[in-house]
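Below you'll find the structure, written out as structure tokens, and then a few comments.
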Amino acid sequence: KFDFLFKRPSAIKATQYEDAVLSISAAMNPADFNTAVCSSIHAALQNVYKAEVLLFGEEDLTYYESDQLKHLIKSGVLWRVVRQRRMEIVHDITDDDPFWEVLRLNQRELGERVGIVVPVVNRSEWKVIALMMAISDEPTVIQLEKLDWVQKNALIAAKRILNYINVANEKKRVEGMLKVCGSLMDLDVSFLSIKIHKHIKTLVNCKACELLVIDEATQELVSQVFDESPLDAEIRLPISESIYGCCFSSGEIMVINDVSQDTRINPAVDFINDCEPSNMLCVPVNGRRSSLEEVSLIGVVVCYDK
């Protein structure tokens, strides 16, 4: 139990490195993965000032931070490493590089140290599934070999954790769909609409949502509920005058990552109930109005700030 007392400092360091690398294989969630990989980076390198790891989610360039998904900015050192899929040792990183935001540091803290960014690549899909980062002294060849071993173990653990997450998300999606199907037995249209809105928010993980149904007589998209609350007066949007009508007419999913930069959006019409989202997802809805009719477009589901 106390045999470490009789070991040389170099031997203790080696044992700490081995234990840290082994702990990566025991990680079962993003938080444990982050802790284990960062500990391994500290053990592998010399005088590490800060270490961080990003585990990318199901969507491209989204990573887990405190169980929340964030988007990786497509610029700077991190983005370059993702595109090139190879490690970089950087001696000079600009003040505005997203690298500093991710590590929650500023450029002055780099000093004489270097920034190290290592991609964890799933070669079967040729896709970066995690990024290992550190600010430390210039690494030696032996330290880089140790870091390579950390990377290999991180790959195995990351693939397993992402698989667990995907299975859990799929289970959650199916359970949500079953709840929606059960809710369809409700004869109160307004109450049914509120239930559908609630399930959509849960499934998509967005801040607010809207379900607009087509009124074929007037060619307007209509809703009596916003998010999970009934409206004082129903909303009627002409198909030709809104982004939602554009989605309905094209029958295609529309992903708007930056609402302020999309010229198709008319704030006076498209910002329903004073909702001013930063991003938007519009999905056309297919269905039958009766068992005798063929499947056709019947409305649009809109998710805000996913």
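The values are calculated or read from the model by the stated rules, or taken from the named source; none is laboratory data. Because the structure is predicted, anything quoted here is derived from the model rather than measured. Every residue, glycine among them, receives a Cβ derived from its backbone with ideal geometry; neighbour counts consider all protein chains shown. We work out accessible area using only protein heavy atoms, side chains counted, and drop any ligands, DNA or RNA first. Shrake-Rupley method; radii C 1.70, N 1.55, O 1.52, S 1.80 Å.
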Practice problem: Filter region 97-154 for residues that are exposed (fewer than 12 other Cβ atoms within 10 Å of the Cβ) and of a type in the set (Phe, Trp, Tyr) and give the result. | Solution: TRP126
Exercise. Restricting attention to region 18-55, report how many residues are surrounded by fewer than 16 Cβ atoms within 10 Å (Cβ to Cβ), of a type in the set (D, E, K, R) and under 27 Å from the mean Cα position of the chain (by Cα).
Key: 1
Quiz item: Which of (1) surrounded by fewer than 20 Cβ atoms within 10 Å (Cβ to Cβ); (2) under 27 Å from CYS303 (Cβ atoms); (3) under 22 Å from the mean Cα position of the chain (by Cα) is the odd one out, the single condition LEU178 does not satisfy?
Solution: (3)
Exercise. Tell me, please, whether a residue that is of a type in the set (Asp, Glu), at pLDDT 90 or above and not in a helix (DSSP H, G or I) can be found in region 137-144.
Key: yes
Quiz item: Given the conditions (1) charged (D, E, K, R); (2) under 26 Å from ASN29 (Cβ atoms); (3) not in a helix (DSSP H, G or I), which single one is not true for GLU170?
Solution: (3)
Practice problem: Specify which of the listed residues (CYS282, CYS303, CYS275, CYS209) is within 25 Å of THR62 (Cβ to Cβ), out of contact with any helix residue (DSSP H, G or I) (no Cβ under 9 Å at 6 or more places or on another chain) and not aromatic (Phe, Trp, Tyr). | Solution: CYS275
Quiz item: Looking at region 251-270, which of its residues are over 26 Å from the mean Cα position of the chain (by Cα) and without any contact (Cβ under 8 Å) to a residue 24 or more places away in the chain?
Solution: PRO267, ALA268
Quiz prompt | Any strands (runs of 3 or more DSSP E) falling wholly within region 197-306 and containing at least 2 residues that are farther than 28 Å from HIS71 by Cβ and open to solvent by 20 Å² or more (accessible area, probe 1.4 Å) | solution = 208-215, 220-226, 229-238, 296-304
Quiz item: In region 87-103, what count of residues is obtained for those that are part of a loop (DSSP other than H, G, I, E, B) and over 15 Å from GLU52 (Cα atoms)?
Solution: 7
